[in-house]
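Contents: one structure, followed by commentary.
The values are calculated or read from the model by the stated rules, or taken from the named source; none is laboratory data. All of these numbers come straight from a predicted model, not from anything done at the bench. Cβ atoms come from the backbone with ideal geometry, glycine included; neighbour counts cover every protein chain shown.
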Amino acid sequence: MAELTGTQIDAALESGRIARETEPRAASARYDERSGRIAVELINGCTFAFPPRLAQGLEDGSSDQLAAVEILGEGYGLHWEALDVDLSIPGLLAGIFGTKAYMARRAGQATSPAKAAAARANGAKGGRPRKAARG
């Protein structure tokens, strides 16, 4: 393995310093039972909150389980020991509430008046056409 030079070490330390100052990290996190949301205060003073029903593994958590949230990795993650759930702060801020497969399933569950109207119209036409058999 090649030895690191002083310049490389200095560059890595500087990169870490910049990341600590600019990347979103949690200063505190709690479950607010009144609003039914997980509230996270970031080190920059901003606060964001999300309903546990959106996050993979938190959907069925009790109030006590949700309240037992811990901050991990210098504020880069949240952890619920009793639920065996870890979520990243950058991911949550980007709207990522679980694995790729979980997010894909959630996307298909979206409902809206337009989607309902389209489904009714499609059903009135006999439903979705069958796929043609490949030969």
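Some values worked out for this structure:
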read-out	value
Residues being without any contact (Cβ under 8 Å) to a residue 40 or more places away in the chain, touching a strand residue (DSSP E or B) at 6+ places or on another chain (Cβ under 8 Å) and not basic (K, R) - total across region 7-34	2
Residue in region 97-118 that is in contact with a His (Cβ under 8 Å, 6 or more places away or on another chain) and over 16 Å from A27 (Cα atoms) present	no
Yes/no for T47 being under 20 Å from P90 (Cβ atoms) and either modelled with pLDDT of 95 or more or surrounded by 14 or more Cβ atoms within 10 Å (Cβ to Cβ) (or both)	yes
Residues that are under 13 Å from N44 (Cα atoms) and surrounded by fewer than 11 Cβ atoms within 10 Å (Cβ to Cβ), drawn from region 1-29	E21, T22
Residues within region 59-90 that are surrounded by 15 or more Cβ atoms within 10 Å (Cβ to Cβ) and out of contact with any strand residue (DSSP E or B) (no Cβ under 9 Å at 6 or more places or on another chain), tallied	1
Where a residue in region 46-65 is aliphatic (A, V, I, L, M) and its partner, wherever it lies, is assigned to a loop (DSSP other than H, G, I, E, B) and modelled with pLDDT under 95, with Cβ under 7 Å and at least six apart	L54/F97; A55/F97; A55/G98
Pairs where the first residue, in region 114-128, is modelled with pLDDT of 75 or more and the second is loosely packed, with under 10 Cβ neighbours inside 10 Å and of a type outside the set (A, V, I, L, M, F, W, C), C-beta under 8 Å, 6+ apart	N122/R128
Residue that is nearest to H79 (Cα to Cα), among those in region 1-49 that are of a type in the set (A, V, I, L, M, F, W, C) and in a helix (DSSP H, G or I)	A19
